[in-house]
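The structure appears below as structure tokens.
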Amino acid sequence: MENRRAIDYGTAMNHPQPLTMPIPGHIDPVPVPRDLKPRVDGRIDLLGLSRDDLRMALETAQLEPRQAKLRAKQLWHWIYNRGATDFAVMTDIAKDMRVWLEQRFAVSRPSVVEAQVSTDGTRKWLLRSDANDGQGSQDYEMVFIPDADRGTLCVSSQVGCTLNCRFCYTGTMRLVRNLTPGEIVGQVMLARDALGEWPSQPEGRMLTNIVMMGMGEPLYNFDNVRDALKLVMDGDGLALSKRRITLSTSGVVPMMARAGEEIGVNLAVSLHAVTKAVRDEIVPLNRKYGLEELLQACADYPGANNARRITFEYVMLKDKNDSDDDARELVRLIKKYKLPAKVNLIPFNPWPGSDYQCSDRDRIARFSDIVFKGGISAPVRTPRGRDIMAACGQLKSASEKKSRAELDRLAAEKQAALG
Ligand code: SF4
């Protein structure tokens with residue numbers, strides 16, 4: 001059976017190759033690689049390919065299958081364990097083979113448009129990729145948050161966002177496109193570069209945790225997020241444990257079970273409200289997948305237990321979702337669904353044009369107290385990187401102020417698109 005797709009090397013190559021290369025021998029099951037588009041220089045970017053796709057890219061470039069298998073293993077180690085971007089440093093590969101690879105392949109990183117460091121050590125990058133599909137700006141963000149006992153990288157999954165959560169700056173942007181697996185894992189690679197954390201080793205890292213909480217709704221880019229996180233978790237490469245990775249969703253209920261089964265990382269849910277009326281307003285996806293449905297999907301999430309609790313994110317909005325009754329209802333709902341849960345209370349960071357204000361400190365403390373007394377951990381998160389606008393979407397949008405009418409029109413468009 002031959003159902004492999006061809007790799008199009010384009011016309012810019014110095015050594016044009018046939019578009020389809022029959023591969024001898026029976027392979028069962030036959031892996032089907034994603035379509036690989038060459039970069040503008042005609043080379044194929046190896047970053048973000050699965051092990052099978054990497055080997056098949058070499059075979060399609062006319063490397064004999066056993067050679068391809070060996071080289072793929074070596075390349076995997078150099079790319080994901082050593083952080084190499086230059087074939088010349090791959091000293092266990094013969095020199096003429098390194099030249100052959102260099103002519104056909106590349107190992108990229110996202111370009112850094114802007115990098116900032118906060119007074120509290122938070123780092124933020126505005127990134128841009130080579131990919132150009134003619135849909136306007138391609139910039140996206142990542143943020144690194146160092147703490148005493150851990151370092152967390154907040155990774156983006158989309159340029160812009162499908163959704164329009166009303167407290168979120170990224171929600172005021174159109175979805176430009178989904179990030180590719182290479183662009184998602186590329187954020188982790190770039191952070192490791194910046195932190196000087198090659199070769200990859202489990203002990204003594206600064207980058208210990210990843211949260212898929214940057215720009216975008218990860219479950220609306222499911223395949224690419226899954227494939228990227230598999231690279232991040234691969235034990236021969238970046239080797240980050242699934243227990244140190246958290247995927248955050250605003251409540252794309254039909255994809256939650258698949259996320260648990262196919263990715264298996266920790267789950268965080270942008271809850272932010274406990275009544276239909278308020279959640280419909282601030283997380284409009286709630287009109288499609290309601291609270292009860294969402295909480296049931298949390299109860300069914302594979303692998304959640306007291307050692308791996310589900311995190312509920314709750315942004316504190318003055319006079320909107322911060323009453324004593326709201327706190328008590330939050331406890332009641334978590335208990336009703338028997339959820340192994342913790343709650344993160346997030347003081348709202350207002351942005352130009354936002355409809356809300358942050359709850360007062362005393363109110364947040366009181367809310368936290370009620371939830372704690374209900375037997376559920378509810379710490380108040382300290383805002384980080386405010387001096388560099390480190391909240392999601394703020395760096396990218398700093399120069400893109402929109403009028404109220406534009407914001408409302410965009411919100412209506414996004415809602416209509418969800419059906
Ligand atoms: S909170 Fe997340 S899902 Fe909601 S608009 Fe912002 S980026 Fe999108």
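The values are calculated or read from the model by the stated rules, or taken from the named source; none is laboratory data. Everything quoted here is computed from the prediction, not taken from an experiment. Counting neighbours? That spans all protein chains shown, and the Cβs are built from the backbone with ideal geometry, glycine included.
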Next on the checklist: Just the residues that are away from the ligand (no atom under 14 Å from the Cβ) and under 19 Å from the mean Cα position of the chain (by Cα), please, taken from region 257-291.
Outcome noted: Ala257, Arg258, Ala259, Gly260, Glu261, Glu262, Ile263, Gly264, Val265, Asn266, Leu267
Checklist entry - Give me the pairs: first residue in region 362-386 and among the polar types (S, T, N, Q), second residue assigned to a helix (DSSP H, G or I) and modelled with pLDDT of 95 or more, beta-carbon distance under 9 Å, and six or more apart or on different chains, which are they? => result Ser368/Ala327; Ser377/Val371
Checklist entry - Taking only pairs six or more apart or across chains, which ones have beta-carbon atoms under 7 Å, a first residue in region 280-291 that is free of Cβ contacts under 8 Å to residues at least 24 places away in the same chain, and a second residue that is more than 13 Å from the ligand (Cβ to nearest atom) and in a helix (DSSP H, G or I)? => result Asp280/Arg287; Gly290/Lys276
Item to check | Matching residues, region 69-91, being under 23 Å from Met233 (Cα atoms), part of a helix (DSSP H, G or I) and touching a helix residue (DSSP H, G or I) at 6+ places or on another chain (Cβ under 8 Å) | outcome: Lys69, Arg71, Ala72, Leu75, Trp76, Trp78, Tyr80
Next on the checklist: Please verify whether Ala84 is closer than 22 Å to Trp198 by Cα, exposed (fewer than 14 other Cβ atoms within 10 Å of the Cβ) and modelled with pLDDT of 95 or more, treating the condition exactly as stated.
Outcome noted: no
Item to check | Residue among Val331, Val283, Val252, Val274 that alone is crowded, with 18+ Cβ neighbours inside 10 Å and under 15 Å from Ser377 (Cα atoms) | outcome: Val331
Checklist entry - Just wondering, is there one or more residues in region 137-144 that are farther than 30 Å from Arg409 by Cβ, in the same structural domain as Val265 (by TED's automatic domain parsing) and touching a residue at least 60 places away in the same chain (Cβ under 8 Å)? => result yes
Next on the checklist: If I filter region 264-284 for residues that are under 23 Å from Thr162 (Cβ atoms) and in contact with a His (Cβ under 6 Å, 6 or more places away or on another chain), do I get at least one hit?
Outcome noted: yes
Checklist entry - Looking only at region 208-220, which residues are away from the ligand (no atom under 11 Å from the Cβ) and either part of a strand (DSSP E or B) or within 9 Å of the chain's Cα centre (by Cα) (or both)? => result Asn209, Ile210, Val211
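Here's the yes/no breakdown for (1) touching a residue at least 24 places away in the same chain (Cβ under 8 Å); (2) within 16 Å of the ligand (Cβ to nearest atom); (3) touching a strand residue (DSSP E or B) at 6+ places or on another chain (Cβ under 7 Å):
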residue	(1), (2), (3)
Phe167	yes, yes, yes
Val176	yes, yes, yes
Gln187	yes, yes, yes
Leu195	yes, no, no
Trp198	yes, no, no
Met206	yes, no, yes
